[in-house]
Amino acid sequence: MSRLRFQIDGTASGSRARAARFVTLHGEVTTPIFMPVGTQATVKGLTASDLEEVGARMLLANAYHLLLRPGVDVFAKIGGIHRFMSWRRPVLTDSGGYQVFSLANERVVTEEGAVFRSYVDGARIVLSPERSIEAQLAIGSDVMMVMDECVASTSDHATAAAAMHRTHRWAARSLAARGEASPALFGIVQGACFDDLRRESAAHLIELPFDGYAIGGLAVGEEKEERERCTALTSALLPAHLPRYLMGVGTPLDLLEAVDRGMDMFDCTMPSILAKQGVAFTSKGRLNVSRGVYKLAEDVLDAECPCSTCAHYSRAYLHHLIKTAEPLGWQLLTKHNLRLYHDLMHAMRTHILDGTFAAYRDAQRSVLGRGDEEHPSVIAPRRQRHDDEPSLDGFAIRRTLQGHATVVHLASGEMMHGGLDPSEEADSLYVRQSRLLERADDPTETPLVVWDVGLGSAYNAMAAIRAYESAESAPRRPLTLVSFEHDVTSLRLALRHATRFPHLYSPAPGQILRSGQWRSPRSPVEWMLREGDFRTQMRVAPTPDLIFYDPFSPVTDAAMWTLDCFESVFAACAEHDTELFTYSASTMVRTALLAAGFVVARGAPTGKKPETTLAMTRGAAHHAAARGRVLLGPEWLERWHRSHAKFPIDVPVAGRAALAERVAASAQFRREAPAKRQDAEGEPIRASGSSKSAV
């Protein structure tokens, strides 16, 4: 008999949704329920009082992390996690199986358990089913999870089957280790996205006396449609008289769809992780308050939300906090997001009990999936332009928060080099990182060719010219600088107000606009402008040694960030030693570069971005170690598999599986890849493993 005394209060007509309740050691829980993730015995940035205020009724903590720090001895002495973190309500603890999976090449899995090194002190740890249960009992959780072996949902059938069978054996050992102890214990159904394995796993586990069942191994690489199909299949196989828990999912829309398919319990880090990026989930859809459109927005985040964030703070203030990286912004948005999640759970339960869930589900599908571009509050009159804001044909000059003049694209609100001193960013991200002057010291008579993709207001081009002209010793190799731009209005505007743009104090920009070319009288520099469609113009440009890739972002200039575009770039330089540098570090962009054929590495940080992106042809990759390049490794690939926004926008759903295989097969993800190894924090490690070097 279940320790949770689970009972169903109501089911929905036209859906498999249900409202239920169960009793834990620390109180009753009603479903559907979302559990905020308190991995380290804390939901990041929030106190226990904050969590109660936003409506949290049950938390998730992680046995793997708490085993390593503070350690089970601390919980044994203090009396468990509830007293430790001043939380009076139920706690579910994950076994650590997913964290072991995320360690990738840092662990070894045997029948005994997972063997790895502690990230706290380097000690060798064997996390077995028995030790996991021992740790969860010491932590004092109300609901424990069995130790499972999680593999990517995109794994092949043999790999998924082997992991599933081991999970079954570990599940039996976890039950035996729990014995007669009071906490409830859930089994975890595995099997990747294979229907036969999910059926086999469910059939095996429901024969064991668990208090509830979870669906594991989803939200780790599969498409949304595949996840929903697998959830529906597995949910129908689980006992109706016990709770069903979908692990690690997801957005509000994901939760709505999962409840519709019969699931009761959920957890996910999205409310806090996306809050740190400025993303808020609202009753009208998703908003990103870091966007420029919210800079002067005096309305609240969500007029229908009763949380303290919406009661006291404007979008403009939240925009300011996120832009300045103030922790308060993350905290306020996390509180709001969690309140929305809990209110959604309450609303679904109410509609299930009232018999109106199907209609509510249909209405919410279009609302919860809405983004900023469709959000009614964004479609508003543009703010009045100040008299001191010069403009020209869709571009305007504004000052950054740091006081530097920059050009902004009015239609999108996107700034050129808006994060810091634009000249310094151009110098550090493109000129210094590319080692431009080191390459210029090569005595060859062949020109060093630099493609400046996205001329803009010429910050990157002028940084390269300035480096050549101010070099201590005259560069021995001529520089051919080719700038590509489909609309030179931004440079024309900046030149009209050149006193606000010191980098333009040169005859070069004016000449390049007048005639399309310029030669330096002081150094061997030739600058050419190729105006028009980039892919058309690049066909008649010399093969590049370096590419400064700096067009507007995919939001404003989507065609420049497609797989098709990067394949064209790669084709132009595939047989050459070419490096490409760009400010973006998005998963989608890196995927496109990898699929196009480039070897991809971590780029230098800039502004608030901890890293950018560097891509190399195979010829350049042979020099990766000598140039200090740090390639993306298997750990990035593991995270890539779990990403929900990883495919370039021009890749249709039907072509994504083939592209995924192409990315996973990249040579750089093999152990023999010609790159420096990295430590757990992504820092490069020298051969001795004893010291670090900068990118």
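The values are calculated or read from the model by the stated rules, or taken from the named source; none is laboratory data. Computed from a predicted structure; not experimentally measured. For neighbour counting, all protein chains shown are included, and Cβ atoms are generated from backbone atoms with ideal geometry for every residue, glycine included.
How about the range 32-145: which strands (runs of 3 or more DSSP E) wholly inside it have at least 1 residues that are more than 28 Å from GLN331 (Cβ to Cβ)? Full working, then the answer.
On the way: elements: 33-36, 59-62, 91-94, 107-109, 114-117, 124-127, 143-145.
Counting at least 1 such residues, we get 107-109, 114-117, 124-127, 143-145.
Restricting attention to the range 291-318, and to residues there that are of a type in the set (D, E, K, R) and part of a loop (DSSP other than H, G, I, E, B), which single residue is nearest to HIS409 (Cα to Cα)? Write out each step before concluding.
Residues of the range 291-318 of a type in the set (D, E, K, R): 291, 295, 298-299, 302, 304, 315.
Retained after the next criterion (residues that are part of a loop (DSSP other than H, G, I, E, B)): 291, 295, 298-299, 302, 304.
Numbers: ARG291: 13, LYS295: 15, GLU298: 22, ASP299: 24, ASP302: 27, GLU304: 32 Å.
In this case the residue turns out to be ARG291.
Within the range 239-247, is there a residue that is at pLDDT below 90, not in a helix (DSSP H, G or I) and not assigned by TED's automatic domain parsing to the domain that holds GLY371?
Initially, the range 239-247 is screened for residues at pLDDT below 90, giving none.
No, because not a single residue in the range 239-247 is at pLDDT below 90, not in a helix (DSSP H, G or I) and not assigned by TED's automatic domain parsing to the domain that holds GLY371.
Take the residues in the range 559-588 that are part of a helix (DSSP H, G or I) and under 19 Å from the mean Cα position of the chain (by Cα), then tell me which one is surrounded by the fewest Cβ atoms within 10 Å (Cβ to Cβ). It would help to see each step written out before you state the result.
Here is the first cut: in the range 559-588, the ones part of a helix (DSSP H, G or I) are 559-561, 563-573, 587-588.
Filter again for under 19 Å from the mean Cα position of the chain (by Cα), leaving 561, 587-588.
On the way: TRP561: 24, THR587: 17, MET588: 19.
Applying the filter and picking the extreme gives THR587.
Can you run down the residue pairs with Cβ atoms below 7 Å, 6 or more apart or on separate chains, where the first is in the range 575-603 and more than 21 Å from ARG439 (Cα to Cα) and the partner is acidic (Asp, Glu)?
TYR583/ASP550; ALA585/GLU611; ALA596/GLU567
Give PHE552, PHE548 a once-over and let me know the one that is under 19 Å from PRO422 (Cβ atoms) and part of a strand (DSSP E or B).
Working: PHE552 fails: part of a strand (DSSP E or B).
Within the list PHE552, PHE548, the selection yields PHE548.
Scanning the range 490-520 for residues that are under 16 Å from HIS404 (Cα atoms) and of a type in the set (Phe, Trp, Tyr), which turns out surrounded by the fewest Cβ atoms within 10 Å (Cβ to Cβ)?
TYR505
Return only the number of the condition from (1) in contact with a Leu (Cβ under 7 Å, 6 or more places away or on another chain); (2) surrounded by 20 or more Cβ atoms within 10 Å (Cβ to Cβ) that THR234 does not satisfy.
The number of the failed condition is (1).
Looking at the range 350-402, which of its residues are modelled with pLDDT of 90 or more and under 21 Å from THR489 (Cβ atoms)?
Result: ALA396, ILE397.
Here's the yes/no breakdown for (1) over 22 Å from the mean Cα position of the chain (by Cα); (2) at pLDDT 90 or above; (3) exposed (fewer than 15 other Cβ atoms within 10 Å of the Cβ):
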| residue | (1), (2), (3) |
| --- | --- |
| VAL653 | no, no, yes |
| VAL663 | no, yes, no |
| GLU672 | yes, no, yes |
| ASP679 | no, no, yes |
| ILE685 | yes, no, no |
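Are any residues in the range 136-150 among the aliphatic types (A, V, I, L, M) and crowded, with 24+ Cβ neighbours inside 10 Å, and if so, which ones? Break it down into steps so the answer makes sense when it comes.
To start, the set of residues in the range 136-150 that are among the aliphatic types (A, V, I, L, M) comprises 137-139, 143-147.
Matches in the range 136-150: ILE139, VAL143, MET144, MET145, VAL146, MET147.
Please give the number of the condition THR231 fails out of (1) outside the structural domain of LEU332 (by TED's automatic domain parsing); (2) in a strand (DSSP E or B); (3) out of contact with any Pro (no Cβ under 9 Å at 6 or more places or on another chain).
(2)
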